[in-house]
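J.: Here's a structure for you.
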Amino acid sequence: MIKSDLRKQGYSVVEKFPRQSVINTMWVVLTLLISIVTYTAVFFIIGPAIIGGDGLQRDPNAILQIIDSFGLLGYFMLLILSVFLYLFLKLLMTIFFSSKIESIRMKILENKGMPICLCREALKVWQTVLIYLMPVILTYSAMFYLTVSSGFIAEMIIILFFMLIFMAFDLMLVIYVLAVKIKDKPDYISIDHHIYGYTVFNQTYVKFKRKNRKMRSRFLVTGAGKYLENGKFNWKNKN
């Protein structure tokens, strides 16, 4: 939804800028938490199930074979490709929910150095959640599979951890937006500077109370004995 259209329709607009120290702390904690859960799952749940005589067995799938053929360069290329694919998924999801493709662009977040997909529109909360959550789910699943298939080698551990930094950055936004939905109940939300700056839009409602039973609900009687009909200035005298 174009933000200027929402303003014209009478939506209230509130810009919010959470404390950067709080957001940065959440980002670090979430990255470490996801990393601990991921590595624990491999070592204590998935790992023991596929351990062979020489440790974790490798799954010789085509992707790993191609990567191995290039050596360390192959894993570096995988890292770069993973980042671009992750950003492409976010761009694709944003385009899907946006009304104008020209309102979308990729940029580097100021003072953070993180690439983000900026959308200059206000979206529903559930649309915003899907835009950032679906790429996390798809990318995490693919990276987890490759890490386990590789036998949990050091190169894949590093790549997985690097991608977890990106994914935790967006997962933090999802959690924060859901908290905003519970607290402020916005009709639309615009992510202006990732979660470091956002705008909430709420529809305003005007309720008219009848002063007596004989008055029809579409009339608002004033103290001067005049009324306002259907939202238009139609002044008449009662006499």
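The values are calculated or read from the model by the stated rules, or taken from the named source; none is laboratory data. Predicted, not measured: the structure shown is a model, and the values here were computed from it. Neighbour counts are summed over all protein chains in view; Cβ atoms, including those assigned to glycine, are modelled from backbone coordinates with ideal geometry.
J.: Would you confirm whether any residue within region 27-40 is modelled with pLDDT under 90 and either assigned to a loop (DSSP other than H, G, I, E, B) or surrounded by 13 or more Cβ atoms within 10 Å (Cβ to Cβ) (or both)?
T.: Yes, region 27-40 contains at least one residue that is modelled with pLDDT under 90 and either assigned to a loop (DSSP other than H, G, I, E, B) or surrounded by 13 or more Cβ atoms within 10 Å (Cβ to Cβ) (or both).
J.: How many of the residues in region 144-186 are among the basic types (Lys, Arg) and buried (at least 21 other Cβ atoms within 10 Å of the Cβ)?
T.: Residues in region 144-186 being among the basic types (Lys, Arg) and buried (at least 21 other Cβ atoms within 10 Å of the Cβ): 0 in total.
J.: Still on this structure, I have one more. Keeping to region 2-20, report how many residues are modelled with pLDDT under 90 and loosely packed, with under 12 Cβ neighbours inside 10 Å.
T.: 4
J.: From the list TYR132, TYR140, which one is surrounded by fewer than 21 Cβ atoms within 10 Å (Cβ to Cβ) and either assigned by TED's automatic domain parsing to the domain that holds SER103 or assigned to a helix (DSSP H, G or I) (or both)?
T.: TYR140
Listed here are the residues, each with its yes/no results for (1) of a type in the set (Ser, Thr, Tyr); (2) within 20 Å of HIS193 (Cα to Cα); (3) at pLDDT below 95; (4) not assigned by TED's automatic domain parsing to the domain that holds PRO186.
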| site | (1), (2), (3), (4) |
| --- | --- |
| PHE70 | no, no, yes, no |
| GLY113 | no, yes, yes, no |
| CYS117 | no, yes, yes, no |
| ARG120 | no, yes, yes, no |
| VAL136 | no, yes, no, no |
| TYR145 | yes, no, yes, no |
| GLY151 | no, no, yes, no |
| MET156 | no, no, yes, no |
